[in-house]
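What follows is one structure encoded as structure tokens, with my remarks underneath.
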Amino acid sequence: MAYMPMLRNAWYAAGWSDEVEAGKLFARKFLNENVVLYRTPDNGMAALQDRCPHRFAPLSYGKLDGGVIECCYHGLCYDSSGACVSNPHGRLPGKTVKTYPVQEKHKLIWIWMGDAKADPAAIPDLSYLDDAPATAFNKGYLNPKCNYFMLVENIMDLSHVDFLHPNTLAAGGVREVNGKKVGTITGAKQTVEEDGAAVTIEWALSDSLPLAIERKHPGLAPSGLIDRRSIVRWDPAGAMTLKIISLPKGCAADEAFVAYNTHLMTPETDTKLHYFFANARSFAQDDVALNEAIRKLREMVFVTEDMWVCEAAQDRIGSENFWDLRPIVLPTDVGAVRVRRKLEAMIADEAAQAATKKIDANVAAE
Amino acid sequence: MAYMPMLRNAWYAAGWSDEVEAGKLFARKFLNENVVLYRTPDNGMAALQDRCPHRFAPLSYGKLDGGVIECCYHGLCYDSSGACVSNPHGRLPGKTVKTYPVQEKHKLIWIWMGDAKADPAAIPDLSYLDDAPATAFNKGYLNPKCNYFMLVENIMDLSHVDFLHPNTLAAGGVREVNGKKVGTITGAKQTVEEDGAAVTIEWALSDSLPLAIERKHPGLAPSGLIDRRSIVRWDPAGAMTLKIISLPKGCAADEAFVAYNTHLMTPETDTKLHYFFANARSFAQDDVALNEAIRKLREMVFVTEDMWVCEAAQDRIGSENFWDLRPIVLPTDVGAVRVRRKLEAMIADEAAQAATKKIDANVAAE
Amino acid sequence: MAYMPMLRNAWYAAGWSDEVEAGKLFARKFLNENVVLYRTPDNGMAALQDRCPHRFAPLSYGKLDGGVIECCYHGLCYDSSGACVSNPHGRLPGKTVKTYPVQEKHKLIWIWMGDAKADPAAIPDLSYLDDAPATAFNKGYLNPKCNYFMLVENIMDLSHVDFLHPNTLAAGGVREVNGKKVGTITGAKQTVEEDGAAVTIEWALSDSLPLAIERKHPGLAPSGLIDRRSIVRWDPAGAMTLKIISLPKGCAADEAFVAYNTHLMTPETDTKLHYFFANARSFAQDDVALNEAIRKLREMVFVTEDMWVCEAAQDRIGSENFWDLRPIVLPTDVGAVRVRRKLEAMIADEAAQAATKKIDANVAAE
């Protein structure tokens, strides 16, 4: 009975860039730790533990002035390195506030909660978000009450679309699989590949109809038969992109409608997560109304369909270990299981390294 | 510091028959386990753990079709035996959903949460509920926030009526007991008997006036002096009937007003219960207004008098063991203590059997 | 990971005298125990555990008659000694309800939750509250969600005033300290003294302006330059008085404005406290409007400034041990640290005595 440990040495999405405004302190909890984020005068980003080491007031309740936070309680001032740079009551204390590596990239702020060296090059590549014009990019934020990994598994196994999203994200054109009428993702050809730490799974559909919402909202997709490739990429621990390439039957490859759906899952606590979602598209890039419609639809579908079932599943399993529950493993879980095993190995490796570090420290101390 | 363990091998009231409608899934938690109930096409009743063994979505969020549940998340289908009978993603998995013996009897659905064989003959006999015409039967459901056994003790010791219910369920005609003015249940003659697993306690009152609410609502009881027998029967773990026989002074036995008050207590969690209550009567059986008045009165009295004090008592004792608190034991507790001791013995026996079973399994495995 | 233990052998403020009305039962939780308070016919005060030892109903739900509580559930009656003095169901049980020493003094009710002998002479001396006329005395009660000791530390270190209360309780006349502009408490001369179990800390300010709220509300203080002494006294475990002596520049000592601010912190649970505050003053003693203005201002400042930050700090540290967090200790913490060390020693001493008592009891039993 224990929640899955969290991988600390990884880049996690901490917020959308525009959530952290110049001159303002922004508080959010990641991996059970309270963090305050702010912009520094040199156009950098700072992330400090949101707790003054004197009497533990939240630093986010303080005042920000020139990259320095003044604690609201007794006026100690800290810069972005966590050092106390002003003490109105005497000498500067040596003790510093814990800081976290933080980077701004792809319209997002990324944070690294672990002790190992953080390499900015390891931030998941979401450059498609940079490339999209404002009218072909939309985004949102939600705060579901479940373990973040439930949503990772949700996206890794798109076969759920036919069942959980029959009237929204499922492709039309019901067909028979195993003597049962199902939508077209089910039974589609899957290909799983590893790319370093990342895992990708592709679902290839031929002769698909547009998705249910695409039929209701013309302009979201081509109208006729489509060859559709749905490519999900997971970067540890919770960054995912679902790239959908919809090629109208008989068209050339460069006539495809391409949509990128970003899903970023960051643990807040063991049973709550920050969910950042976005969409960028290659078609109808000037259509402002379409852009907003996509945002609304995605939020609506997520809240009423995915979040609902994942929060209920969280309630059903509580803190029980996934494998102890001896889950049914289906062929369609191949991607989700691969990701889980990889993540478990990384977490075990992290724990082993932490143990080694501790032994080394003890030996050095003798 | 631990809540009283729950007896698993017993029939518990799971719901009123009309709560589970044909073609619909009904979710409720019993003894800390989530269960989904539904009617099968052969007029049977099914009870499955409300958790798909694939990714743990509640089965109650799924679709019911011909006695088969399709999970809302990935479309696995389970029949009432818990077997997976359709998998749109490949071969049928061997793993099944846990099921629970379930029976429909006496206008109620009964569930058995333990591992031992469930004998339908062991369902408490509430046949008086079957016999009552619709206009002489009324019922309700509440969900109090206390351990279910607090309400068992409440009903086993009717002496509380004079103190907790002075203006409703107490008999008028105050008299002196130990130099103190009390209502008539206090000091009444009690007789406790065991009947197999069941325990009965009878409180016999001579020359009683009608109860306070009976005086306010003519028709609920004879108006003059009454010989009253209040017979409480407890069947493990939480099924109770309070039969009240009110015989007007000087009348023949068959002129008695007979009322059956059903109290069914089923643990939801350690500190919450499902409380099903009903009333059937032998008199004024066609009086629809009286019937509804009785239902409303009983709910009102319970909510404002019994539930209020039991929930507060729960708050006062938390998870402390009853006997560790060294409670005062009064002569009027004879029934409640007998029931508690019997239940504790059954729970100990259940634990011993489970241990033996485990040893046997280990021996067999060698 | 454990909350600071609570000192049991100490007088704690349990309520304002007028909270407990004659003939009524008053329930409140102290140090995790539910207590019922009431006035006895001999003008005394009674404090019993708020839990009947029979079936654990709250005694505060019962009836009070002539100093005796009748339990609402089964009618057992207890007097102020905790003895059962009436049992409508048979002989008097020997078991008694736990009682607590309780005293009424300085317009307050004081309770002693420990096992050691309670000496009324040890009640903190707040006689200034008795001396104040009704129009120069005001008070209030709040129920913040943090450990009580956070507020003890808050008052012991008045340097927070300049930072947390810049527009209310901070003195005007900003000056430079360590090259930083600060209000006048910061950098003021502090003197810490011990007086038996008590600790006092004095902050002396010369040439101070009135406080920010004093400048907004004329009449609260002299208008010109002031020599101000702020003397905080702590009596274990949570009784504090902040006496402020404001002497207008050039006046004789007996022309000083003297205000007493009472702060009484009583643990309800580990993360919640009862906070009783009062104010008595030596000046404008007939000014009813001023009196009410002071009460409102103090409540407003506390709720919007101190409570806000202390509740957030509680959230940030959870149940972690204060010293394990290796807090920064500033010169201005001298009073707060002295108090914490004294209290820790008293708690350790109490634990040692309890252990000795247990050993003695075991030896005697052999």
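The values are calculated or read from the model by the stated rules, or taken from the named source; none is laboratory data. Worth saying up front: this structure is predicted, and the values here are computed from it rather than measured. Glycine also receives a Cβ, built like all others from the backbone with ideal geometry; neighbour counts cover every protein chain displayed. We work out accessible area using only protein heavy atoms, side chains counted, and drop any ligands, DNA or RNA first. Shrake-Rupley method; radii C 1.70, N 1.55, O 1.52, S 1.80 Å.
Cross-link partners for C:Lys216 among the lysines, with Cα-Cα distance under 29 Å and sequence neighbours closer than 8 places in the same chain left out: A:Lys63, C:Lys139, C:Lys180, C:Lys181, C:Lys189, C:Lys243, C:Lys249, C:Lys296.
Taking 7 Å steps out from each Cα toward its Cβ at A:Ala22 and A:Leu92 produces label points 2.7 nm apart. Here the sum of -39500 (n - 2.57) over DSSP H runs of 4 or more residues, divided by the residues of chain B, equals -6500 deg cm²/dmol at 222 nm, to the nearest 500.
Compared with its chain on its own, segment C:1-44 contains the following residues whose accessible area drops by 30 Å² or more in the full protein assembly (probe 1.4 Å; ligands, DNA and RNA excluded): C:Asn34. For B:Glu193, the distances from its label point to the matching points in the remaining copies are 8.2, 8.2 nm, ordered from shortest, with each point set 7 Å beyond Cα toward Cβ. From the Kirkwood radius over Cα pairs of the protein assembly as shown, Stokes-Einstein at 10 °C and 1.306 mPa s returns a whole-number translational diffusion coefficient of 46 µm²/s. For A:Ala14, the residues whose modelled amide H falls within less than 5 Å of its own, excluding neighbours fewer than 5 places apart on the same chain, are A:Ile109, A:Trp110, A:Ile111. Each Lys and Arg adds +1 at its Cβ and each Asp and Glu adds -1 at its Cβ; summed about the Cα centre, the protein assembly as shown shows a dipole of about 300 debye. Backbone geometry of segment B:106-116 corresponds, through the Karplus equation with coefficients 6.51, -1.76 and 1.60 at θ = phi - 60°, to 3J(HN,Hα) couplings of 6, 6, 10, 9, 10, 10, 10, 9, x, 8, 5 Hz, x marking Gly and Pro. Proximity of backbone amide H atoms, modeled 1.01 Å from N, is registered between C:Phe30 and C:Val35 at under 5 Å, excluding neighbours fewer than 5 places apart on the same chain. Going by accessible surface with a 1.4 Å probe and the largest first, A:Ser159, A:Ser127, A:Ser206 read A:Ser206, A:Ser127, A:Ser159.
Total buried accessible area between C and B, probe 1.4 Å, nearest 100: 2600 Å². Reducing segment C:347-366 and segment A:15-91 to their Cα centroids gives an inter-centroid distance of 49 Å. The lysines whose alpha-carbon is closer than 25 Å to the alpha-carbon of C:Lys117, local same-chain residues fewer than 8 away aside, are C:Lys29, C:Lys95, C:Lys98, C:Lys105, C:Lys107, C:Lys342, C:Lys357, C:Lys358.
Distances, shortest first, from the label point of A:Lys358 to those at the same position in the other copies read 2.9, 2.9 nm; the point lies 7 Å along Cα to C-beta. The stretch between C:Asn362 and C:Ala134 holds 76.7 nm of extra length on full extension. This uses 0.36 nm per residue minus the Cα-Cα distance. Between copies, the label points of A:Lys29, set 7 Å from Cα on the Cα→Cβ line, lie 2.0, 2.0 nm apart, reported in increasing order to one decimal in nanometres. Here chain C is assigned +1 on the Cβ of each Lys and Arg and -1 on the Cβ of each Asp and Glu. Its dipole about the Cα centre then comes out at about 560 debye. Could you look at chain A and say what percent of its accessible area is carbon and sulfur, using a 1.4 Å probe and all protein chains? It is 52 percent, rounded to a whole number. The C-alpha atoms of chain B define a longest principal axis, and helix B:307-317 lies at about 70 degrees to it.
Computed 3J(HN,Hα) for segment C:355-364, one whole-Hz value per residue from the Karplus formula 6.51 cos²θ - 1.76 cosθ + 1.60 where θ = phi - 60°, is 5, 4, 4, 5, 4, 4, 5, 5, 4, 4, glycine and proline marked x.
Working from label points 7 Å from Cα in the Cα-to-Cβ sense, the B:Met300 to C:Asp315 distance is 4.3 nm. Solvent exposure of segment A:314-366 amounts to 59 Å² per residue of accessible area, where only protein heavy atoms count and the probe is 1.4 Å. Rounded to the nearest 20 debye, the dipole magnitude of segment A:1-97 is 380 debye, with +1 charges on Lys and Arg beta carbons, -1 on Asp and Glu beta carbons, and the Cα centre as origin. Here the Kirkwood formula puts the hydrodynamic radius of segment B:77-177 at 18.9 Å, using every distinct Cα pair. Peptide A:47-58 has a mean of 6 when you count, residue by residue, the C-beta atoms of other protein chains within 10 Å of its C-beta. Summary of packing: across the peptides B:270-282, B:306-318, the per-residue average of other C-beta atoms within 10 Å ranks them, highest first, as B:270-282, B:306-318. Please work out, to two decimal places, the log10 of the ratio I(q)/I(0) at q = 0.12, 0.16 Å⁻¹ from a Debye calculation in which every Cα of segment A:1-113 carries one identical scatterer. Reported log10 I(q)/I(0), two decimals: -0.41, -0.69. Across peptide C:73-80, the mean count of Cβ atoms from other chains lying within 10 Å of each residue's own Cβ comes to 5. With respect to chain C, whose longest principal axis is taken over its alpha-carbon atoms, helix C:288-301 is tilted by about 80°. Between C:Arg215 and A:Val85, the FRET efficiency from the beta-carbon distance, with R0 = 22 Å, is close to 0.10.
Ordering A:Thr135, B:Ala188, B:Leu108 by Cα displacement along the dipole of the protein assembly as shown toward the positive end leaves A:Thr135 in first place; charges were set at the Cβ atoms of Lys, Arg (+1) and Asp, Glu (-1). Taking θ as phi - 60° and the Karplus parameters 6.51, -1.76 and 1.60, the scalar couplings of segment A:209-224 work out to 7, x, 5, 3, 5, 5, 6, 6, 10, x, x, 6, 7, x, 8, x Hz in sequence order, x denoting glycine and proline. The contact residues of segment A:151-167, meaning those that lose at least 10 Å² of 1.4 Å-probe accessible area when all protein chains sit together rather than their chain alone, are A:Glu153, A:Asn154, A:Asp157, A:Ser159, A:His160, A:Phe163, A:Leu164.
Between A:Ala348 and B:Leu225, the C-beta separation translates, for a Förster distance of 60 Å, into a calculated FRET efficiency of about 0.15.
For the pair C:Lys117 and C:Trp323, the difference between a 0.36 nm per residue extended length and the Cα-Cα distance amounts to 71.1 nm.
Histogrammed with a bin width of 5 Å, the alpha carbon distances of segment A:225-322 distribute as 3, 10, 15, 20, 19, 14, 9, 6, 4, 1, 0 percent, first bin at zero.
Using just the C-alpha positions of chain A as equal point scatterers, what log10 of I(q)/I(0) does the Debye formula give at each q in 0.06, 0.07, 0.08, 0.12 1/Å? Here log10 of I(q) over I(0) equals -0.27, -0.36, -0.46, -0.96.
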